[in-house]
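The values are calculated or read from the model by the stated rules, or taken from the named source; none is laboratory data. Nothing here was measured: the structure is a model prediction, and the numbers come from that model. Cβ placement follows ideal geometry from the backbone for every residue including glycine, while neighbour counts extend to all protein chains displayed. SASA here: full protein model, heavy atoms, side chains in, ligands and nucleic acids out. Shrake-Rupley method; radii C 1.70, N 1.55, O 1.52, S 1.80 Å.
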Amino acid sequence: MKKLIALLLALACTVGRAQGLVPINAEAEALIHQGHLFQAQGKYKDAFEKFSAAAQADPVSSLPLSSLAGMLLRMSQQMQGDDAAKLRQQSEGLARQALQMHASDAVAQEVLRELSDDKPLPLHEPTPEAAAALHEGELLFNQRKLDEALVHYERAAALDPKYSVAWIYAGDCFYFQKKYAEAEQRFRKGVEAEPLNSQGWRFLADALVSQDKPGPAEGALMSGIAAQPSQMPNWIKLNQLRSMSGFPLTSLNLVRKASAELDPATRTLHLQIDPSLKSLDPAKQPDAGFWMSLATQRAVEDKAAREGKASVTPFATEAEAWRKALAIADQLSAKGGGELQDPALKTMQQLAKADQLEAALLLLQYKESWRAEFETWKTAHPEGVRKFIDAYQLRP
């Protein structure tokens, strides 16, 4: 239930603002509003029909597809087994298709993040009364009855002061009316109640940008990244601000090119490798050696974790696998195999040599199961997020 609530809040907070960023015509936008209303009521068949009609009304907009992806993911959280897996696969396909149409579609980005991550963001789980009040507000908000929705959102916040999302929803009511100062006030209350609400920081940044306050907006986005680095919309918005000032961020764009699974019965290693690696000798070429090593080590550790025999945390496992794989790449290079060819791997190699491997993994490859180490790193490096970004000008 807690994971489902976290998912619903993440996607619901994203949808409305995305419609202000991703191009869409008026007819399709109205249909999407109707679809979200049906979705909030649990009427998935009706919602599907509205989202599908929106896709026909505006074939070039990504929002109908990402909205469908979000709904299918929501439905999968209420199922098990093959049915859930099938819905998740369909959700992923729609989200990737949406991103091909519009790379900044925040809904699609959040869907993929939820699909790839292994734990939800540890946000406060509201009281049943507060959750019910927010749900009533959501139904009204999707009908654009903003003043009425605001009453329910603020009632939800009063019923549960730790419920950050209630304040953020309230801020959205003002944001859609272009009352940015009032929106800012509510967004601030949300992130003060729960600093880990990454989307709250992003929405605060939106309100600040709308008031021509780029400096504070950048600070809010830094806080959003510090809350959960895997939320891509924060990085995209930060890059937009940095680009305006002449200091754009470079996307690491790390694509894993090998994965493996260790059969528990036969202990046979089943490798899946990218076609670009199939012609390379992992005993000689550094890129192939790196990916084979990383995949093999992860397969062994994943098996140990499934059996309850893991000796270290998921992040410690990942960091050690990277160190060993990079060491193998270095050895192959020293033996005449040449340098790493993948630009992302070369960047990670350089960061490791600068003693920044831990920071790079935490910020550029973050998983929620790494939360404990991330919080420890932030405590040890209070300005670590900003310093890393300023020094290396990188984003995931």
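The table below gives the values:
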{"read-out": "Residues satisfying the stated conditions in the stretch 357-389, i.e. open to solvent by 50 Å² or more (accessible area, probe 1.4 Å) and either under 22 Å from the mean Cα position of the chain (by Cα) or not aliphatic (A, V, I, L, M) (or both)", "value": "Glu358, Lys367, Ala372, Glu375, Thr376, Thr379, His381, Pro382, Glu383, Arg386, Lys387"}
{"read-out": "Matching option when the condition is open to solvent by 10 Å² or more (accessible area, probe 1.4 Å), part of a helix (DSSP H, G or I) and closer than 16 Å to Ser104 by Cα, among Ser223, Ser230, Ser243", "value": "Ser243"}
{"read-out": "Selection within the stretch 316-333 - under 22 Å from the mean Cα position of the chain (by Cα) and of a type in the set (Val, Ile, Thr)", "value": "Thr317"}
{"read-out": "Per-region count, the stretch 207-220, residues touching a helix residue (DSSP H, G or I) at 6+ places or on another chain (Cβ under 7 Å) and in a helix (DSSP H, G or I)", "value": "9"}
{"read-out": "Test result for Ala299, touching a Phe, Trp or Tyr at 6+ places or on another chain (Cβ under 6 Å) and of a type outside the set (D, E, K, R)", "value": "no"}
{"read-out": "Conditions (1) free of Cβ contacts under 8 Å to residues at least 60 places away in the same chain; (2) in contact with an Asp or Glu (Cβ under 7 Å, 6 or more places away or on another chain); number of the one not met by Ala354", "value": "(2)"}
{"read-out": "Options Phe51, Phe141: the member that is of a type in the set (Phe, Trp, Tyr), in contact with a helix residue (DSSP H, G or I) (Cβ under 9 Å, 6 or more places away or on another chain), touching a residue at least 60 places away in the same chain (Cβ under 8 Å) and at negative phi", "value": "Phe141"}
{"read-out": "Helices (runs of 4 or more DSSP H) wholly inside the stretch 319-385 containing at least 1 residues that are among the aromatic types (Phe, Trp, Tyr)", "value": "371-380"}
{"read-out": "Test set (1) open to solvent by less than 80 Å² (accessible area, probe 1.4 Å); (2) closer than 23 Å to Gln349 by Cβ; (3) not charged (D, E, K, R) - Ser279 fails condition number", "value": "(1)"}
{"read-out": "Criterion violated by Gly336 - all others in (1) open to solvent by 40 Å² or more (accessible area, probe 1.4 Å); (2) over 21 Å from the mean Cα position of the chain (by Cα); (3) farther than 17 Å from Lys324 by Cβ; (4) at pLDDT 95 or above satisfied", "value": "(4)"}
{"read-out": "Number of positions in the stretch 50-90 that are closer than 23 Å to Val22 by Cβ and assigned to a loop (DSSP other than H, G, I, E, B)", "value": "5"}
{"read-out": "Some residue of the stretch 117-136 being crowded, with 22+ Cβ neighbours inside 10 Å, modelled with pLDDT of 90 or more and under 21 Å from Phe176 (Cβ atoms)", "value": "yes"}
{"read-out": "Residues within the stretch 261-273 that are surrounded by 15 or more Cβ atoms within 10 Å (Cβ to Cβ) and within 30 Å of Ala103 (Cβ to Cβ), tallied", "value": "1"}
{"read-out": "Of all residues in the stretch 284-315 being over 28 Å from the mean Cα position of the chain (by Cα) and touching a residue at least 24 places away in the same chain (Cβ under 8 Å), the one that is most open to solvent (accessible area, probe 1.4 Å)", "value": "Lys284"}
